[in-house]
Amino acid sequence: MKRVLTWHTRAGEVGLLLLRLHLLWVVWSLAGGIVLGVFPATAAVYGVIRGEFRHSASPGEFRRLWRQEFRTANVVGYVFAAAWAVLLVDRRLLETVDLGVVEPLLGAVLWLVTLFVSCMSVNVWILAAHFAEGPLALVRRSAILVLARPVQAIVTLLAVGVILCAYYLVPGLVPVFGIALPAFVSFAYVWGTAVLPTAPAS
């Protein structure tokens with residue numbers, strides 16, 4: 001009975017944390033005019049979640065992280081935004097231009113590249129929260145993680161995908177948890193694999 005009560009208490013605490021993080025994400029995304037605020041706010045969400053797992057969270061952490069990660073998060077975010085823009089254009093060209101016998105091969109390559117970039121996209125923010133590195137180093141580290149631990153990277157992607165599907169089926173979850181829930185679940189999984197060192201490199 002005590003274990004069940006403890007579990008329910010912890011679930012309530014996590015739920016309140018995720019709601020608070022989602023609201024902070026919205027506020028600080030707007031504070032940066034959305035264009036310059038979304039990615040630092042996302043980095044701050046992951047940073048606070050990391051602090052929760054390391055039992056080192058403190059009041060005002062979100063604001064400090066938003067300011068601290070402003071440049072790095074925006075560079076990382078727009079690097080991946082550019083990569084996704086290129087992939088979408090390539091997909092459109094593949095659908096509209098007749099490339100003959102090479103089309104199936106190019107389609108397969110494009111799917112593999114899309115999967116690779118997807119895995120990098122869901123892992124880079126976890127790495128950014130744990131490693132105090134520049135944007136290019138974080139992009140490189142996320143690529144290495146996907147290549148070195150493909151199963152783990154795909155499981156992380158699937159975990160985020162399941163939550164996004166739940167958001168699609170139950171849209172009311174979005175204004176309550178937003179980005180905080182997929183961030184928490186993905187970070188919890190990666191943290192549980194022990195791939196992140198206890199003492200992160202600076």
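Distant-in-sequence amide contacts of Leu36, defined by a placed amide H-H separation under 5 Å and a gap of 5 or more residues or a different chain, comprise nothing. Ligands, DNA and RNA are left out, and with a 1.4 angstrom probe the accessible area of the chain is 57 Å² per residue. Rounded to the nearest 10 degrees, what's the angle between the helix 2-31 long axis and the longest principal axis of the chain, both from Cα atoms, 0 to 90? Approximately 60 degrees, to the nearest 10. The distance linking region 90-108 with region 139-202 is 31 Å (Cα centroid to Cα centroid, whole angstrom). Within the accessible surface of the chain, defined with a 1.4 Å probe on protein heavy atoms only, the carbon and sulfur portion equals 72 percent. Packing, as the average of other Cβ atoms within 10 Å across residues, places the peptides 124-133, 14-23, 162-171 in the order 124-133, 14-23, 162-171, highest first.
Output ³J(HN,Hα) for region 165-176: one whole-Hz value per residue in order, computed from phi by the Karplus curve 6.51 cos²θ - 1.76 cosθ + 1.60 with θ = phi - 60°, and x for Gly and Pro. Along region 165-176, the couplings run 5, 5, 4, 5, 6, 10, x, x, 6, 4, x, 8 Hz. Compared with the dominant principal axis of the Cα atoms in the chain, helix 135-148 is inclined by about 80°. With a Förster radius of 25 Å applied to the beta-carbon distance between Val162 and Arg54, the computed FRET efficiency rounds to 0.50. Among (i) 18.2, 62; (ii) 18.2, 57; (iii) 18.3, 66, find the value of Rg and Dmax of the Cα atoms in Å that was calculated from the structure presented, and write down its label. Checked against the structure: label (iii). Scalar couplings 3J(HN,Hα) for region 71-84, obtained by applying the Karplus form with A = 6.51, B = -1.76, C = 1.60 to θ = phi - 60°, are 5, 4, 5, 5, 5, 4, x, 7, 5, 6, 4, 5, 4, 5 Hz; x denotes Gly and Pro. On the beta carbon distance between Leu105 and Trp84, with R0 = 22 Å, the FRET formula returns roughly 0.50.
Couplings 3J(HN,Hα) for region 39-47, derived from phi with the Karplus relation 6.51 cos²θ - 1.76 cosθ + 1.60 (θ = phi - 60°), are 6, x, 5, 5, 4, 5, 4, 5, x Hz, where x marks Gly and Pro.
The values are calculated or read from the model by the stated rules, or taken from the named source; none is laboratory data. Just so you know, these numbers come straight off a predicted model, no measurement behind them. Note that we place each Cβ from the backbone using ideal geometry, even for glycine, and neighbour counts take in every protein chain shown. Quick note on the areas: whole protein, heavy atoms, side chains included, nothing else; ligands and nucleic acids left out. Shrake-Rupley method; radii C 1.70, N 1.55, O 1.52, S 1.80 Å.
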